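Participant: I'd like to ask you about the structure that follows.
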Amino acid sequence: MPSDDAVQSDLEQQGVFFSTLNRFYNWGRRSSVWPMAFGLACCAIEMMATGLSRYDLARFGAELFRASPRQADLMIVAGTVTKKMVPQVVRLYNQMPEPRYVISMGACATSGGPFRDGYNVVRGIDLYIPVDVYVPGCPPRPEALLHALMTLQSQIDRQNLKQVRWYGKKARPQSQDFPVPSYGPHGLEIDGKLVDPVGSLPLISSYSSPMEGEQRRDQIEHPELVRVFPDMERELREETSASYAEALEGEDQHVRR
Amino acid sequence: MSDDNSELSARQRDEARAALQRDLPFALSPSGSFPSPEGGPDLLATSDIVVEAQQIAAVARYLRASLNYIYLSNITAVDLLAHGCFELVYHFYRLSGGPALTIKTRLPREKPELPSLTPFWPGAAFQEREAYDLFGIVFKGHPDLRRIYMWDEFEGFPMRKDFVRQGDKYLSE
Ligand code: SF4
């Protein structure tokens, strides 16, 4: 028996179009992805280049960068996400209408990149919002972003309308608002819990596996490591009053896990 | 070119030092007010003008009024943990041209407080807030000394050398 696709293309050659609702929906969806005009750092320059004439994102139907999250269905997180910026990113994501997709562009958005060990950059935007496609690179070349868009399109092609993560009768977590983190004394907090503390690893894992539409929280990314958040104030108190020699000795004790 | 420039800046520095010695002798900082650690490099050795921290406003105003350094370009802080002090570095320019005049001052790490220059150079406000935000240096007389980069709720001063070390690479230690 010929496959659906073979029959389909056979008929299309004769000017007859058959489709399933699913296929039609996915075709419409994937052929006009509207990204949000939203750049955070150097990667955004490459994103702009991708949208302009040389690389021409318009060939894939995604050239219409919108300045409002209400009119966009793709968020390209292009650049370094500082902790101070995360609440705004999550809020923008929440304001996008479903279906909505996220491309995490570059090392910074994916993992913190060169700033991963710093105090001010989140270690991956997927700690806060679900990411569909990751693009490695620092910065990724425009071709890589084009490839990410094509990957996203093939993911959209595989969507099943009945199981897609934002429709359906069952309560789907991803049609709810994602929790907007608040600023805490040691890092960003969700529901009063530290998410990405300064000085140790993230405590709550990412909202991963968006294809399955699941949302995981409160899981420890590296359960084999015991992590204790250091009391920075006490260390500061001790060390400022200690003499230089003691401070040198205590150097090794700064690191507490 | 660079030789010319360093000659010029050395001349500027010596002129300014002589003028300060004549008119504000109490403002020049005696060397050796902070001990150098045994064996380590002496990071306090400098040919720049080092002034008393509490006199910085007087010095800056004197530079502006009498020596024509009317442009305060830069304020930054250095954490000299080994010497137990913070060093503040100020760069002044003359609008008629020429290299910068560097003025340094040192503060004990336990009580990093000195007068603000914001009342005299409003443009200093953000730079002083930055030094406060990242190093915890208190500028007395600053009209609005709040954090500027980190959020207000944040605790600690991340650019201090003894700020907790972070990152995966320290996990195995
Ligand atoms: S991944 Fe590299 S190019 Fe992209 S924002 Fe980070 S530092 Fe800049």
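Participant: Give the dimensionless ratio obtained when the Cα radius of gyration of segment A:53-162 is divided by 2.2 N^0.38 Å.
Facilitator: Values: Rg = 14.0 Å, N = 110, 2.2 N^0.38 = 13.1 Å.
Cα Rg divided by the expected 2.2 N^0.38 Å: 1.07.
Participant: Per DSSP H run of n ≥ 4, the term is -39500 (n - 2.57); total these for chain B, divide by its residue number, and report the mean residue ellipticity at 222 nm rounded to 500 deg cm²/dmol. Don't skip to the answer; put the middle values down first.
Facilitator: Details: 3 runs with 46 residues, N = 173.
That calculation yields -8500 deg cm²/dmol at 222 nm.
Participant: At 0.36 nm per residue, minus the direct Cα-Cα distance, what do B:Arg146 and B:Tyr71 gain on full extension? Give it in nm, one decimal, please.
Facilitator: Working: separation 75, 0.36 × 75 = 27.00 nm, distance 2.39 nm.
Here the answer is 24.6 nm.
Participant: Can you compute 3J(HN,Hα) from phi for each residue in segment A:88-105, using the Karplus curve 6.51 cos²θ - 1.76 cosθ + 1.60 with θ = phi - 60°, rounded to whole Hz and x for Gly and Pro?
Facilitator: My calculation for segment A:88-105 gives 5, 5, 5, 5, 4, 4, 4, 7, 6, x, 6, x, 9, 10, 10, 10, 8, 9 Hz in order.
Participant: Return the value, in Å² to the nearest 100, of accessible area buried between chains A and B (probe 1.4 Å, both sides summed). Don't skip to the answer; put the middle values down first.
Facilitator: Working: alone 14300 and 9800 Å², together 21360 Å².
Counting protein atoms only, the buried area is about 2800 Å².
Participant: While we're here: Using only Cα atoms, figure out Rg for chain B and give it as a multiple of 2.2 N^0.38 Å.
Facilitator: Values: Rg = 17.4 Å, N = 173, 2.2 N^0.38 = 15.6 Å.
That ratio works out to 1.11.
Participant: Quick one: 3J(HN,Hα) in Hz for segment B:97-111, Karplus 6.51/-1.76/1.60 with θ = phi - 60°, rounded, Gly and Pro as x.
Facilitator: Calculated HN-Hα couplings, in order: x, x, x, 6, 9, 9, 10, 10, 8, 10, 10, x, 5, 6, 9 Hz.
Participant: Hey, another quick one. Expressed as a rounded percentage, what relative contact order does chain B have, with Cα pairs under 8 Å and six or more residues apart? Walk me through the numbers on the way to the answer.
Facilitator: On the way: 255 pairs, mean separation 29.8, N = 173.
This gives 17 percent for chain B.
Participant: Now for a separate question. Quick one: accessible surface of B:Phe26, probe radius 1.4 Å, all protein chains present, in square angstrom to the nearest 10.
Facilitator: Near enough 120 Å² of accessible area.
Participant: Can you tell me the length gained on complete extension of the stretch B:Asp4 to B:Gln21, counting 0.36 nm per residue apart and subtracting the Cα distance?
Facilitator: On the way: separation 17, 0.36 × 17 = 6.12 nm, distance 2.55 nm.
Extending this stretch completely gives an extra 3.6 nm.
Participant: Going by amide H atoms built from the backbone, whose H comes under 5 Å of the H on A:Gly184, apart from near neighbours?
Facilitator: Correct list: A:Glu189.
Participant: Shifting gears a bit: Using 7 Å Cα-to-Cβ label points, what is the B:Val138/B:Arg94 separation (nm, one decimal)?
Facilitator: About 3.8 nm, to one decimal.
Participant: Okay, moving on. When the dipole is taken about the Cα centre of chain B, and only Lys, Arg (+1) and Asp, Glu (-1) are charged at their Cβ, what size is it in debye, to the nearest 20? List each step's numbers first, then the result.
Facilitator: Values: 19 positive and 24 negative charges, 97 e Å.
The calculation lands at about 460 debye.
Participant: Continuing with the same structure: Please go through segment A:1-44 and write out the chymotrypsin sites (Phe, Trp or Tyr not before Pro) that DSSP classes as loop and that have at most 13 other C-beta atoms within 10 Å. Kindly include the intermediate steps, with their values, before the conclusion.
Facilitator: Details: sites: A:Phe17, A:Phe18, A:Phe24, A:Tyr25, A:Trp27, A:Phe38; in loops: A:Phe17, A:Phe18, A:Phe38.
Qualifying residues, ordered by number: A:Phe17, A:Phe18.
Participant: Given a 1.4 Å probe, how much area per residue of segment B:3-172 is accessible, in Å²? Mind dumping the intermediate values first?
Facilitator: On the way: 8060 Å² over 170 residues.
On a per-residue basis, 47 Å².
Participant: Then there's this: With springs only between Cα atoms under 10 Å apart, run a GNM on chain B and tell me which of B:Ser116, B:Ser29, B:Ser96 wobbles the most.
Facilitator: B:Ser96
Participant: For B:Phe139, B:Phe34, give the ranking by accessible area with the largest first, probe 1.4 Å. Present the calculation step by step, with values, prior to reporting the outcome.
Facilitator: Values: B:Phe139 5, B:Phe34 40 Å².
From most exposed to least exposed: B:Phe34, B:Phe139.
The values are calculated or read from the model by the stated rules, or taken from the named source; none is laboratory data. Predicted model only: the values in this text are computed from it and were never measured. We place every Cβ from the backbone using ideal geometry, glycine too, and count neighbours over all the protein chains shown. Remember, those area values only see protein heavy atoms, side chains included, never the ligands or the DNA or RNA. Shrake-Rupley method; radii C 1.70, N 1.55, O 1.52, S 1.80 Å.
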